[in-house]
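Participant: Before I ask anything, here is the structure I am working with.
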Amino acid sequence: MSSTSEREALVKAFEKRLSEASDEAIIGMLEEIRESGESYMIPSLVNLLFATRGEALKQAVMNFMVDVKIQAAAEYFVSAIQNNPSSPDLYRLVSVCWQSRLDFSSYIDLFLTLLCNADLQTSIEAFSVIENSLDAKSDEEVKELTSRARSMVEHAAEPNKPLVAQLVKLLENFQRDEW
């Protein structure tokens, strides 16, 4: 069995285990996974945020995801955001993005789009992701982002316009601490 097919088998077995388990059992599994989990488990766990599951499980998954330290997980998070653009649970994963220590600066355009077009709660979370990503951007990139954000204010969804305008102000005033 090749490493790819081994991984696929592990993913399928893990997904089966999750689909057959109760919310309480999965919450218990999260503690196990926290100690000895592997990266192949992350996409399946992220998908639980968008599944028809209880609030306690979704909160436990969010708390787990915030602690993930594998930078490659950012790609899984972004993919799930892109694949679930109209989910009422989208804000949960966007919230995880800003609360985690992962770097989402290369995905800042996605979060700018969410800031402009998503529901208000998701928009607020996207604002925080952008704000947390600024230190990883060069002065030139911040200037470009400011220009893009400024041009998006008038096209943003009505309840999000003040947030987009606030981002423009934040970007205009953004100054790096010089050492």
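The values are calculated or read from the model by the stated rules, or taken from the named source; none is laboratory data. What you are looking at is a predicted structure, and each value in this text was computed from that prediction instead of being measured. Here the Cβ is made from the backbone with ideal geometry for all residues, glycine too, and neighbour counts use every protein chain on show.
Participant: Return yes when residue 101 is outside any helix (DSSP H, G or I) and at pLDDT below 95 and no when it is not.
Facilitator: Details: outside any helix (DSSP H, G or I): yes; at pLDDT below 95: yes.
When the stated conditions are applied, residue 101 passes them.
Participant: Report the residue count in the stretch 111-121 for those that are assigned to a helix (DSSP H, G or I) and surrounded by fewer than 23 Cβ atoms within 10 Å (Cβ to Cβ). Walk me through it before giving the result.
Facilitator: As a first pass, look at the stretch 111-121 and keep what is assigned to a helix (DSSP H, G or I): 111-117, 120-121.
Applying the additional criterion that residues be surrounded by fewer than 23 Cβ atoms within 10 Å (Cβ to Cβ) yields 112-113, 116-117, 120-121.
The number of residues fulfilling the criteria is 6.
Participant: Which ones in the stretch 1-23 are in a helix (DSSP H, G or I) and free of Cβ contacts under 8 Å to residues at least 24 places away in the same chain? Even if it seems obvious, please write down each step before you answer.
Facilitator: First, pick out the residues of the stretch 1-23 that are in a helix (DSSP H, G or I): 3-20, 23.
If the condition is that a residue be in a helix (DSSP H, G or I) and free of Cβ contacts under 8 Å to residues at least 24 places away in the same chain, then 3, 4, 5, 6, 8, 9, 12, 13, 16, 17, 19, 20 are the ones that fit.
Participant: Could I ask something else about it? Does the stretch 148-165 hold any residues that are among the polar types (S, T, N, Q) and loosely packed, with under 13 Cβ neighbours inside 10 Å, and which are they?
Facilitator: Residues of the stretch 148-165 that are among the polar types (S, T, N, Q), as a first pass: 151, 160.
The answer is 151, and nothing else.
Participant: Then there's this: Identify the residue in the stretch 45-76 that is of a type outside the set (A, V, I, L, M) and touching a Ser or Thr at 6+ places or on another chain (Cβ under 8 Å) and, among all such residues, is surrounded by the most Cβ atoms within 10 Å (Cβ to Cβ). Quick ask: steps written out before the conclusion?
Facilitator: Initially, the stretch 45-76 is screened for residues of a type outside the set (A, V, I, L, M), giving 47, 50, 52-55, 58-59, 63-64, 67, 69, 71, 75-76.
The next check asks that each one be touching a Ser or Thr at 6+ places or on another chain (Cβ under 8 Å); those that pass are 50, 67.
Values: 50: 17, 67: 12.
Only one residue tops the list, namely 50.
Participant: Moving to a separate point now. Sort out which residues of the stretch 127-147 are surrounded by 15 or more Cβ atoms within 10 Å (Cβ to Cβ) and part of a helix (DSSP H, G or I), and write them in order of number. Steps first, answer last, please.
Facilitator: The initial filter retains those residues of the stretch 127-147 that are surrounded by 15 or more Cβ atoms within 10 Å (Cβ to Cβ), namely 127-134, 137, 142, 145-146.
Listed by number, the residues that qualify are 127, 128, 129, 130, 131, 132, 133, 134, 142, 145, 146.
Participant: Of 124, 108, 42, which residue is within 22 Å of residue 161 (Cα to Cα), β-branched (Val, Ile, Thr) and surrounded by 19 or more Cβ atoms within 10 Å (Cβ to Cβ)?
Facilitator: Working: 124 fails: surrounded by 19 or more Cβ atoms within 10 Å (Cβ to Cβ); 42 fails: within 22 Å of residue 161 (Cα to Cα).
One residue alone meets the criteria, 108.
The rows are residues; the columns are (1) assigned by TED's automatic domain parsing to the domain that holds residue 112; (2) modelled with pLDDT under 95; (3) of a type in the set (Ser, Thr, Tyr).
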{"site": "5", "(1), (2), (3)": "no, yes, yes"}
{"site": "20", "(1), (2), (3)": "no, yes, no"}
{"site": "43", "(1), (2), (3)": "no, yes, no"}
{"site": "52", "(1), (2), (3)": "no, yes, yes"}
{"site": "56", "(1), (2), (3)": "no, no, no"}
{"site": "71", "(1), (2), (3)": "no, yes, no"}
{"site": "85", "(1), (2), (3)": "no, yes, no"}
{"site": "93", "(1), (2), (3)": "no, no, no"}
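Participant: Given the conditions (1) touching a Leu at 6+ places or on another chain (Cβ under 7 Å); (2) outside any helix (DSSP H, G or I); (3) among the aliphatic types (A, V, I, L, M), and given that residue 94 satisfies all but one, which numbered condition is not satisfied?
Facilitator: Here residue 94 clears every test but (2).
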